Each structure stands twice: as C-alpha cells, then as structure tokens.
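Enquirer: Mind having a look at this structure? Questions to follow.
The values are calculated or read from the model by the stated rules, or taken from the named source; none is laboratory data. On a predicted model such as this, the values are computed, not experimentally measured, just so you know. Every residue, glycine among them, receives a Cβ derived from its backbone with ideal geometry; neighbour counts consider all protein chains shown. All accessible areas refer to the heavy atoms of the entire protein, side chains included, with ligands and DNA or RNA removed. Shrake-Rupley method; radii C 1.70, N 1.55, O 1.52, S 1.80 Å.
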Amino acid sequence: MKAAIFHGPHHRLSIEETSIANPGPREVLIRTAAVGLCHSDLHFIDGLYGHEAPAVLGHEAAGVVEKVGSEVRGLEPGDHVITCLSVFCGHCGFCTTGRPFNCDHQHETRRRGDEAPRLSLGEREVQQFYDLSAFAEQMLVHEHAVVRIRKDMPLDRAALIGCAVTTGMGAVTNTARIEVGSTVAVIGCGGVGLSAINGAAIAGAGRIIAIDVQDGKLDLARSFGATDTLNATGCDPVEAVRDLTGGGVDYSFEALGLKRTSEQAYDMLRRSGVATIIGMLPEGEKLELDGVSLLYDKRIQGSNMGSNRFRVDMPRYVDFYLAGRLHLDRMISKRIRLDQINEGFDDLRSGLLARSVITFPG
Ligand SMILES: [Zn+2]
Ligand SMILES: [Zn+2]
C-alpha cells in the first residue's frame, strides 16, 4: 500500500510503497477513506517536536474495516470507523477512573519488540505515529483505537471528528464543562478553534468571542456560532475582550499553541474564570502569569485530546452533524489526494485555510 513517509524534520514527505502486516489477535486493518491535515502533524514535520524516522504521520482519519484479529470484539469487516490517537489499555488507573485519554499503559496496545512491525519499508521498520499512521491507504491499529459509527455519516467529514472536533469540542464540554449562558473566548479559528466555537454554541454559551488574525476565518467562525469576532491584528485582544464583556470572559480557549496567546487566554478571564490551553506549545516553552491574579480564583488548565471518552463522544458528534448542529461541511477547505500532501501542509502553514482533507478513491 502507498503511504506518505516522514524521513525526518524539514524534509518533504515522500509517497512510497509500504508493507503493512496482517492483524494480530487484537488488531484491526482499516482501508483509509479520508484523513485530515492537522497542525500536530506539522509540528513534527517542522521539527518543533521530535519523532523517530522513517515514520508515517497522520492521525485524523476515518475508514472501513477490512480485517479484524481473532480476539477483536464488536467490530467486523465492512464497519465504518473513526480512529483516535487516545488508544487505551482499559485497565490502568486512568482508564478505570474515567480518563482513558490519559492512559499511561498505551505501550501494552503496541507490538512488542520481538514481533514483526506493523509497518515496514523492505527490511526497515517504519515507526507508527500516535499508534495510527493515517497518511496511508491502510492502517493497522489496536482495537482500542477505533470506534464504529453510523453508515449514513460521510467518511470525509467523519475524519475531522478523529482529531479537530474531539479536541476542540471536548475541551469545551469535557475539560472545561462550561455552563449554559457563560461567556467564552476562543483564540485561533482553525479546525480545532472552530470546533470549540461550535461546541460552545451547542453547550449553550451566551456569548462566544472568536479571535484570529484572518478575516476569512472570523467570517467562518460566525457561521459556527461566534456571536462576536475580533481581529487581533492591530488591537490588544485582552483589552478588547474585557471591553466587550465588561471585565473578561468566564472561559477562554487557546487553539494555537503559542506562549503569547496562552498568556492572553489567561489574562482575558474575569474573576473565577478558567483558561483551557488546547494548542500544543513547543517543547521547552514556559508560560508567565501574574501570580497575584491567582487570588481571584482564576485558573489555567491543559486539555489532552478534549479529555475524550471517544467511543462515547464520537458517535454523539456524528449525531450532531447529521442533525445539522455540527458544521463539518464548512470546516473542510479543500479535498486533496495523498500525493498532494506536501502542498496541503504548505497551505496549513500559511494559516489561510481551516482544514484540508485527503480523500482516497473508494
Ligand atoms: Zn490533530
Ligand atoms: Zn489505560
């Protein structure tokens, strides 16, 4: 099968014929239908985070089950599925206390060193990325990285639920658990930020302030439920949010992964407000906060993949889409082929598009 091979940071990905193993007892072989290009992939291509090479990146995918291992439960060939990088062991402390997104025994879901690798180029092992490796015609994953969905859900839009939607909407509904009527600000209106805005609208936020530096994305943000938009070029977004809300928001969400905007997310809170940092800050980055402001019960927190329980959350997001409440059609800026992946990442780097999705000929 063909896959986009990562040969190290700052190299273009190359499309190469790659071998994929047969499913082991608890593994699932999936024919990839669609995979989104996410900023997290870009962080590895651009060297902000390290990863062993060669590898196949890609982690926002949907597809159709081709084969299942002998011990796989509840999945069969022909099932439509979304994959999730929050693969869970099912028995560690985090898994058994309702936080499978933080599973710290994920290694148990991987192949052991003495087993043949899932992916290879000739004799050479190809590293799996986030236990998925979705920039490929097929994926071989542990059964706990997969959820079955309704067959009337279009798979190119289902792919977005695999990361952007789960991350953005989950940060609002699972991590921050905003209240009906609360005021919300979202910094960064790419796929994750738009999902946070959409999630805040579904969760009943009273006011949703979208912040970006591209007017095109702010227009898009309105169609996802933003009640106010702020172009941060040439204005101080903290002052502007305080002015708009008479003192600050109850909840802020940072969806860019930058130091300055993370600090702004905290600074734009009212007393007792909660800032949730969704974006991936570069390794080694430190945040600076005004210590005295903590006296006002202000909080800042991280969010790992929207604190998901993806086997419950993702089918709900599918229902939201099919009911017209989750606006995935507008989130896809471009559909491209696997061999256009590098140009797709150039577009993502430019910050002009919300989301490009690779679709595979069915
Ligand atoms: Zn992602
Ligand atoms: Zn676990």
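Enquirer: Report, in whole Å, the centroid distance computed from the Cα atoms of segment 118-193 and segment 315-333.
Expert: Between the Cα centres of segment 118-193 and segment 315-333 lies a distance of 14 Å.
Enquirer: Taking square-rooted eigenvalues a ≥ b ≥ c of the alpha carbon gyration tensor, is segment 80-239 rounded, prolate or oblate, where a/c under 1.5 means rounded and, failing that, a/b exceeding b/c means prolate?
Expert: Because a/c hits 1.5 or more and a/b exceeds b/c, segment 80-239 counts as prolate.
Enquirer: Then there's this: Of Glu16, Glu343, Glu283, which has the most accessible area with a 1.4 Å probe, and how do the rest follow in descending order?
Expert: Glu283, Glu343, Glu16
Enquirer: Under the 0.36 nm per residue contour assumption, what length would be gained going from the current alpha-carbon distance of Arg73 and Asp329 to full extension?
Expert: 89.0 nm
Enquirer: Which value, in debye to the nearest 20, describes the size of the charge dipole of segment 169-304 about its Cα centre when Lys and Arg Cβ atoms bear +1, Asp and Glu Cβ atoms bear -1, and nothing else is charged?
Expert: Rounded to the nearest 20 debye, it is 320 debye.
Enquirer: Counting other Cβ atoms within 10 Å of each Cβ, which GluC sites (Glu not before Pro) in segment 17-114 have at most 14 and sit in a DSSP loop?
Expert: When the GluC sites (Glu not before Pro) of segment 17-114 are filtered for loop state and at most 14 Cβ neighbours within 10 Å, Glu52, Glu71 remain.
Enquirer: Stretched out fully, how many nm does the piece from Gln301 to Asp104 gain, at 0.36 nm a residue minus the Cα gap?
Expert: Stretched fully, the Gln301-Asp104 segment lengthens by 69.0 nm.
Enquirer: When 1/r is averaged over all different Cα pairs and the result inverted, which Kirkwood radius in Å belongs to segment 274-316?
Expert: 12.9
Enquirer: Another question, then. Quick one: which residues, 5 or more positions from Leu269 or on another chain, have an amide H under 5 Å from its amide H? H modelled 1.01 Å from N in the peptide plane, none for Pro or chain starts.
Expert: For Leu269, whose amide H was placed from the backbone, the distant partners under 5 Å are Val249.
Enquirer: Apply the Karplus parameterisation 6.51 cos²θ - 1.76 cosθ + 1.60, with θ equal to phi minus 60°, to every residue of segment 12-19 and state each ³J(HN,Hα) to the nearest whole Hz, in sequence, with x for glycine and proline.
Expert: 5, 6, 10, 7, 9, 5, 10, 8
Enquirer: Residue by residue through segment 62-76, what is 3J(HN,Hα) from phi via Karplus (6.51 cos²θ - 1.76 cosθ + 1.60, θ = phi - 60°)? Round to whole Hz and write x for glycine and proline.
Expert: Values, residue by residue: 9, x, 10, 5, 9, 8, 10, x, 5, 9, 5, 9, x, 9, 9 Hz.
Enquirer: Using only the heavy atoms of the protein chains and a 1.4 Å probe, how would Ser333, Ser252 rank by accessible area, largest first?
Expert: So the residues, ranked largest to smallest area, are Ser333, Ser252.
Enquirer: Ok, one more. Take a quick pass over the chain and tell me how many lysine pairs come in under 27 angstrom between Cα atoms, counting only ones 8 or more apart or on separate chains.
Expert: Going through the chain pair by pair, I get 10.
Enquirer: Which peptide among 124-135, 182-193 comes first, and what is the full order, when sorted by highest mean count of other Cβ atoms within 10 Å?
Expert: Per-residue Cβ counts within 10 Å, averaged per peptide and sorted highest first, yield 182-193, 124-135.
Enquirer: In nm, give the distance between the simple-model label positions of Lys2 and Ser19, each being 7 Å from the Cα along the Cα-to-Cβ direction.
Expert: 2.1
Enquirer: Which loop-located trypsin sites (Lys or Arg not before Pro) does segment 214-278 contain, where loop means any DSSP state but H, G, I, E or B and the Cβ has at most 15 other Cβ atoms within 10 Å?
Expert: none
Enquirer: Additional query: With axes computed from alpha carbons, what is the tilt in degrees of helix 341-350 against the longest principal axis of the chain, rounded to the nearest 10 within 0 to 90?
Expert: Helix 341-350 sits at roughly 10 degrees to that axis.
Enquirer: Moving on. What trypsin sites (Lys or Arg not before Pro) in segment 150-197 are in a loop by DSSP, with at most 14 other Cβ atoms within 10 Å of the Cβ?
Expert: Arg150, Lys151, Arg177
Enquirer: Follow-up. Residue-wise, which Karplus ³J(HN,Hα) couplings in Hz belong to segment 250-261, taking 6.51 cos²θ - 1.76 cosθ + 1.60, θ = phi - 60°, and x for glycine or proline?
Expert: Each residue of segment 250-261 in turn: 6, 9, 10, 9, 9, 10, 10, x, 10, 4, 5, 6 Hz.
Enquirer: Measure nothing fancy, just the Cα-based angle from helix 310-322's long axis to the longest principal axis of the chain, in degrees from 0 to 90, nearest 10.
Expert: Computed tilt is about 70 degrees.
Enquirer: Further question on the same structure: What fraction of the DSSP beta bridges in the chain is antiparallel, stated in percent and rounded to the nearest 5?
Expert: The antiparallel proportion sits near 55 percent.
Enquirer: Once you have a ≥ b ≥ c as the square roots of the Cα gyration tensor eigenvalues for segment 169-304, tell me rounded if a/c is under 1.5, and otherwise prolate or oblate according to whether a/b is larger than b/c.
Expert: rounded
Enquirer: Using only the alpha-carbon atoms, how far is helix 191-202 inclined from the longest principal axis of the chain? Give it as 0 to 90 degrees, nearest 10.
Expert: On a 0 to 90 degree scale, this one is about 60.
Enquirer: Starting from one equal scatterer on each C-alpha and no solvent at all, send me the Debye-based log10 I(q)/I(0) for the chain at q = 0.09, 0.11, 0.13, 0.14 Å⁻¹, two decimals.
Expert: After summing over all Cα pairs, the log10 values are -0.48, -0.71, -0.99, -1.14.
Enquirer: A further question on this structure: Amide H neighbours of Ile15 under 5 Å, counting only residues 5+ apart in sequence or on other chains, H built in-plane at 1.01 Å?
Expert: Here Ile5 satisfy the definition.
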